[in-house]
Amino acid sequence: MKVADGVQKLIIPMRFNPLGRTYCYLLTDSATLIDTGVPGKDAFAALEKQLAENGVKPSDLKGIILTHLHNDHVGLVNQIKHHSLAKVFAHSSALERLREQAQFHENAYETMTSEIELLGGGNLRQFLSRFEHSFRETPEPTQIDATLEDCEVMRFDDTSIEVLWTPGHAQEHICLYDGGKRILFSGDHVLPKITSHISLHTYQKGDPLADYLASLSKVENLSADLVLPGHEWTFTNLHERVQQLKTHHKVRCDEVKEALRAGERTVYQVSSRISWDSRPWPFMDFWTKRMAAAETYAHLIYLRNRGEVSERVKEKVLYYSLA
């Protein structure tokens, strides 16, 4: 699907995910792909078919630019590399992210079990034990050939694209801005309807919500007539959408503080009092609750770092209260 001069949108199906698909973008003049979609035969077949419709084979690809390292964006990188000499680009912080992923997978089950207890979900550990075997497999790391830096300009035959480092949804996340065509490739940083998953785990460092809000300001006033995201649909109201996302996180922070007004709470207890968009807390499955708790934890850390909530550990469980 042509979305702009020299830009084709490729639709890569994604099973077992409510979003249903990831969008990748082919820069036709330079045979460069922005993101790849999930791994798997169906995904690769869809990619191959849509490339062929544009007169391109996987072996013709010269470059792959990764917005971030989440599996639905990088899953086909190594398979494409098997068929081509495409050079893979990612932000320089992606290398540290790969090291963290490798370290996590060395003791993934034990790490997740400890985190569940620390966040106040100790009663869920038995459920996690059903999946212990799946955490003993170490996935193949994504191949990265060259790194990019914030504000770096990638020059192609007739196009220049600026790299904008936008950490938050992922530490290594980048958006790509084509000022000449007034296009922003937003990855998962700004989506047209849903809010990006801003989360933190206890085995990670940083303040991803603070990073995300700063990154939103970074793209808010770009002269972009068209935004090409990784999911949902293309859109044009970048400034308005950024304002909506900032408001969403302010409301979420207010909800977190309201949940603490009655006294000290664990992360899971706070999460159970949030008005989630997907479904109410009692009806969430284990994995959705884990994601929700990780989002709540990110908001609590943001508020803790601003002196609005206090944190302490009691009997190996984190507790939060209003400061």
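The values are calculated or read from the model by the stated rules, or taken from the named source; none is laboratory data. Please read these numbers as outputs of a predicted model, since none were measured by experiment. Cβ placement follows ideal geometry from the backbone for every residue including glycine, while neighbour counts extend to all protein chains displayed.
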Per the filter on segment 97-138, residues of a type in the set (Phe, Trp, Tyr) and closer than 25 Å to GLN171 by Cβ are PHE104, TYR109, PHE135
Flagged in segment 118-133 as modelled with pLDDT of 95 or more and part of a helix (DSSP H, G or I), in numbering order, are LEU118
For segment 1-30, pairs from a residue that is within 17 Å of ALA46 (Cβ to Cβ) and at pLDDT 95 or above to a residue that is of a type in the set (D, E, K, R) and in a loop (DSSP other than H, G, I, E, B), with Cβ under 7 Å and 6 or more apart or across chains, are THR22/ASP35; CYS24/ASP35
Q. Restricting attention to segment 56-68, does a residue exist that is in a helix (DSSP H, G or I), modelled with pLDDT of 95 or more and touching a strand residue (DSSP E or B) at 6+ places or on another chain (Cβ under 9 Å)?
A. no
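Matching residues to (1) within 19 Å of ASP5 (Cα to Cα); (2) surrounded by fewer than 18 Cβ atoms within 10 Å (Cβ to Cβ):
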{"residue": "ARG21", "(1), (2)": "no, no"}
{"residue": "SER30", "(1), (2)": "yes, no"}
{"residue": "GLY40", "(1), (2)": "no, yes"}
{"residue": "ALA43", "(1), (2)": "no, no"}
{"residue": "GLU53", "(1), (2)": "yes, yes"}
{"residue": "SER59", "(1), (2)": "no, yes"}
{"residue": "HIS83", "(1), (2)": "no, yes"}
Restricting segment 94-117 to residues that are touching a His at 6+ places or on another chain (Cβ under 9 Å) and either of a type in the set (Val, Ile, Thr) or closer than 30 Å to MET154 by Cα (or both), the one modelled with the lowest pLDDT turns out to be THR111
Subset of segment 118-164, residues over 30 Å from LEU222 (Cα atoms), touching a His at 6+ places or on another chain (Cβ under 9 Å) and among the β-branched types (Val, Ile, Thr), comes to THR138
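Please go through segment 246-269 and give me each residue that is under 22 Å from ARG290 (Cα atoms) and out of contact with any strand residue (DSSP E or B) (no Cβ under 7 Å at 6 or more places or on another chain), ordered by number. Give the steps one after another, and end with the answer.
Initially, segment 246-269 is screened for residues under 22 Å from ARG290 (Cα atoms), giving 248-260, 264-269.
Hits for segment 246-269 are HIS248, HIS249, LYS250, VAL251, ARG252, CYS253, ASP254, GLU255, VAL256, GLU258, TYR268, GLN269.
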